[in-house]
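Enquirer: Handing you a structure now.
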Amino acid sequence: MTVDNQQRTSTSFVRVGRSELGYSTKQVDVFLRRARAYYTSQDAEQKALTSRDVRSVSFDPVRGGYEALAVDAALDRLEDVFAQRERDELVSSQGEEAWLLQIGRMSSVLRARLHRGDGERFRRPKGKKACSYNVAEVDLLCHDLLAYFEADKSMSVDLVRRAVFAPAKGVSGYEESQVDAFLDRVVELMASVD
């Protein structure tokens, strides 16, 4: 499939060098067109795209693709816009109390996990050689998140989005998928509140 000149200029992302890996330009462009079409559509038949879809999208690495950091930053802004829209639609259709109730429930679940003791917040992988996250580093972020939720500590949602933990092996670390899923929910909550 060829990309016409209008599609090529529809994004302002810089490409990495020909020998470097970046995000697939075709996949990024298709996703962003889909997001734009959904956001600007008044058609109820249009397949819904949510802030969670934006947060979880991934693109194949290709040589000469779009610079990943620039695309990720744009996706973060897009996620915030979609989260705001979702909040506004909920408030419009069910009232602010419904939104506050939803936020309260989500916050309560997240804080319950954050209150667990260090080294006990997440599962340990079953396999001895499974990749996992450094427990101390994850727990440190959890302390900061608890301060954000309960002591009004200032914290950017981007800090959570960009959290990187040293690798661990097997049961010496936390299971990656569970930590990632938890942090996705934290981002969802922070994006809808901020």
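Only the coordinates and a few stated rules stand behind these numbers; no lab work does. Just so we're clear, the structure is a prediction, and the values are computed from it rather than from any experiment. When we count neighbours, we look across all protein chains shown, and the Cβ atoms used for this are built from the backbone with ideal geometry, even at glycine.
Enquirer: Please identify, among 81, 57, 160, the residue showing maximal mean-square fluctuation in a Gaussian network model of the chain using a 10 angstrom Cα cutoff.
Expert: Residue with maximal mean-square fluctuation among 81, 57, 160: 57.
Enquirer: Can you give the convex hull volume per residue for the Cα atoms of the chain, as a whole number of Å³? Walk me through the intermediate numbers first.
Expert: Working: hull volume 30.8 nm³, N = 194.
Looking at the chain, the number lands at 159 Å³ per residue.
Enquirer: May I pose another question? Counting only residues 5 or more places away or on other chains, whose amide H sits under 5 Å from the amide H of residue 130 once H atoms are built in the peptide plane?
Expert: 170
Enquirer: With loop defined by DSSP as not H, G, I, E or B, and exposure as at most 15 other Cβ atoms within 10 Å, which is the longest segment of the chain clear of exposed trypsin sites (Lys or Arg not before Pro)?
Expert: Working: sites that count: 18, 47, 116, 123, 126, 128, 129, 153, 162.
Of all site-free stretches, the longest is 48-115.
Enquirer: How large is ³J(HN,Hα) for each residue in region 109-121, as worked out from phi by the Karplus curve 6.51 cos²θ - 1.76 cosθ + 1.60 (θ = phi - 60°), to whole Hz, x for Gly and Pro?
Expert: Residue by residue, region 109-121 yields 5, 5, 5, 4, 5, 5, 7, 5, x, 4, x, 10, 6 Hz.
Enquirer: Which one, 149, 16, 110, is farthest towards the positive end of the dipole of the chain when Lys and Arg carry +1 and Asp and Glu -1 on their Cβ?
Expert: Value computed over the given set: 16.
Enquirer: Could you give the dipole magnitude of the chain about its Cα centre, charging the beta-carbon of Lys and Arg +1 and that of Asp and Glu -1, in debye to the nearest 20?
Expert: Working: 29 positive and 31 negative charges, 180 e Å.
Using Cβ point charges on Lys, Arg, Asp and Glu, the chain gives about 860 debye.
Enquirer: Which percent, to the nearest 5, of DSSP beta bridges fully inside the chain are antiparallel?
Expert: 100
Enquirer: Give me the Å³ per residue figure for the convex hull around the C-alpha atoms of region 95-193. List each step's numbers first, then the result.
Expert: Values: hull volume 8.9 nm³, N = 99.
So the per-residue hull volume is 89 Å³.
Enquirer: Same structure again: GNM on the chain, C-alpha springs below 10 Å: top fluctuator among 25, 40, 50?
Expert: 40
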